[in-house]
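Student: Please read through the structure below; I'll follow up with questions.
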Amino acid sequence: MFIKFISYIPAIVGLLLVGVFVLLNDHKNIKNKVFAALNFVAIGWLLSLFVGDTTKNSSVALLSLKLALFFGEFMFLLFVYFSLVFPYKTKIAKTTAVLISIPIVIVAFLLLTPLGVSTVSIQSFGVQPERVGALYSLSDFLGIGYLLAGIFIMLLKYRRSDQSEKNQIKSVLFGLSI
């Protein structure tokens, strides 16, 4: 149990501190808002995983795994949004932004139903899905697609950026790879 605390809690606290710091630094800047939102959604994801991995109640474990999948999908969407505003904002129509969001939002909410995971087992190392629906795998493919789209956007911006912006993009991509 102690290893779970030392693996989750510092990450959650670190994300919280970074998210709050970035937001307080310039709360009007869209980059800061999106980055902070990404941090806060990642906190929800980690908290859900932490509860799932530390509970002995299978109903709580199932709910926490569903919430982790829900928050996980939104992390992919927020990464795409972040890539659109970092290091400089790319003009995108609001209707396009909504259209980009629709698949992830639908899948995220459907993952809260048995279409994602219907039963779990509690193992010594944490909660494990037992019966998964078709949406479980589809959500992975969708998330990977959004992740690759975000990386592609960053690489396109890299080609059009000055040296300072290129260094920022390299840092983000390096951090993402870790």
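Student: Please list, ordered by first then second residue, the pairs with beta carbon atoms under 9 Å, 6 or more apart or interchain, first in region 27-38 and of a type in the set (D, E, K, R), second open to solvent by 60 Å² or more (accessible area, probe 1.4 Å).
Tutor: From region 27-38, the pairs are LYS31/TYR88; LYS31/LYS89; LYS33/HIS27.
Student: From SER137, SER164, SER171, grab the single residue that is assigned to a helix (DSSP H, G or I) and within 28 Å of SER58 (Cβ to Cβ). Write out each step before concluding.
Tutor: Numbers: SER164 fails: within 28 Å of SER58 (Cβ to Cβ); SER171 fails: within 28 Å of SER58 (Cβ to Cβ).
After ruling out the rest, the residue left standing is SER137.
Student: Pairs only if they're at least six apart or on different chains, beta carbon under 6 angstrom, first in region 105-118 and among the hydroxyl-bearing types (Ser, Thr, Tyr), second surrounded by fewer than 15 Cβ atoms within 10 Å (Cβ to Cβ); list them, first residue then second.
Tutor: Short answer, once both residue conditions are applied: SER118/ARG131.
Student: With the condition kept exactly as written, say whether any residue in region 53-67 is open to solvent by 50 Å² or more (accessible area, probe 1.4 Å) and under 23 Å from ARG159 (Cα atoms).
Tutor: Scanning region 53-67 turns up no residue that is open to solvent by 50 Å² or more (accessible area, probe 1.4 Å) and under 23 Å from ARG159 (Cα atoms).
Student: Output the residues belonging to region 3-23 that are open to solvent by less than 50 Å² (accessible area, probe 1.4 Å) and of a type outside the set (Lys, Arg).
Tutor: Narrowing region 3-23 to residues open to solvent by less than 50 Å² (accessible area, probe 1.4 Å): 4, 8, 11-12, 14-15, 19, 22.
Those that are open to solvent by less than 50 Å² (accessible area, probe 1.4 Å) and of a type outside the set (Lys, Arg): TYR8, ALA11, ILE12, GLY14, LEU15, GLY19, VAL22.
Student: Taking region 140-161 on its own, how many of its residues are farther than 23 Å from VAL105 by Cα and either of a type in the set (Val, Ile, Thr) or in a helix (DSSP H, G or I) (or both)?
Tutor: Restricting attention to region 140-161, the residues satisfying the condition of being farther than 23 Å from VAL105 by Cα are 155-161.
Narrowing the set further to residues that are either of a type in the set (Val, Ile, Thr) or in a helix (DSSP H, G or I) (or both) leaves 155-159.
The total comes to 5.
Student: Here's something else I'd like to know. List the residue pairs whose Cβ atoms are under 9 Å apart, where the first residue sits in region 41-58 and is within 19 Å of SER124 (Cβ to Cβ), the second is basic (Lys, Arg), and the two are 6 or more positions apart or on different chains.
Tutor: PHE50/LYS4; ASP53/LYS4; THR54/LYS4
Student: Working carefully through the options THR90, THR119, THR113, find the one that is of a type in the set (Val, Ile, Thr), surrounded by fewer than 16 Cβ atoms within 10 Å (Cβ to Cβ) and part of a strand (DSSP E or B).
Tutor: On the way: THR90 fails: part of a strand (DSSP E or B); THR113 fails: part of a strand (DSSP E or B).
Unique residue meeting the criteria: THR119.
Student: While we're on this one: Given the criteria closer than 19 Å to LEU135 by Cα, surrounded by fewer than 20 Cβ atoms within 10 Å (Cβ to Cβ) and more than 14 Å from the chain's Cα centre (by Cα), does ILE106 qualify?
Tutor: yes
Student: Looking only at residues that are at pLDDT below 95 and of a type in the set (S, T, N, Q) in region 122-159, which one is surrounded by the most Cβ atoms within 10 Å (Cβ to Cβ)?
Tutor: This residue is GLN128.
Student: If you don't mind, another one. If the requirement is being out of contact with any Phe, Trp or Tyr (no Cβ under 8 Å at 6 or more places or on another chain) and under 29 Å from VAL127 (Cβ atoms), which of these qualifies: ALA36, ALA68, ALA93?
Tutor: On inspection, the qualifying residue turns out to be ALA36.
Student: Pairs only if they're at least six apart or on different chains, beta carbon under 8 angstrom, first in region 162-177 and over 17 Å from LYS31 (Cα atoms), second of a type in the set (S, T, N, Q) and surrounded by 10 or more Cβ atoms within 10 Å (Cβ to Cβ); list them, first residue then second.
Tutor: Filtered contacts from region 162-177: no entries.
Student: Oh, and also: Condition first: in a loop (DSSP other than H, G, I, E, B) and closer than 16 Å to SER48 by Cα. Now tell me which residues in region 122-133 satisfy that.
Tutor: Scanning region 122-133 gives a single hit, PHE125.
The values are calculated or read from the model by the stated rules, or taken from the named source; none is laboratory data. Here the structure is a predicted model, which is why all the values come from computation and not from measurement. All Cβ positions, even for glycine, are placed from backbone atoms using ideal geometry, and neighbour counts span all protein chains on display. With ligands, DNA and RNA removed, areas are computed over all heavy atoms of the protein, side chains included. Shrake-Rupley method; radii C 1.70, N 1.55, O 1.52, S 1.80 Å.
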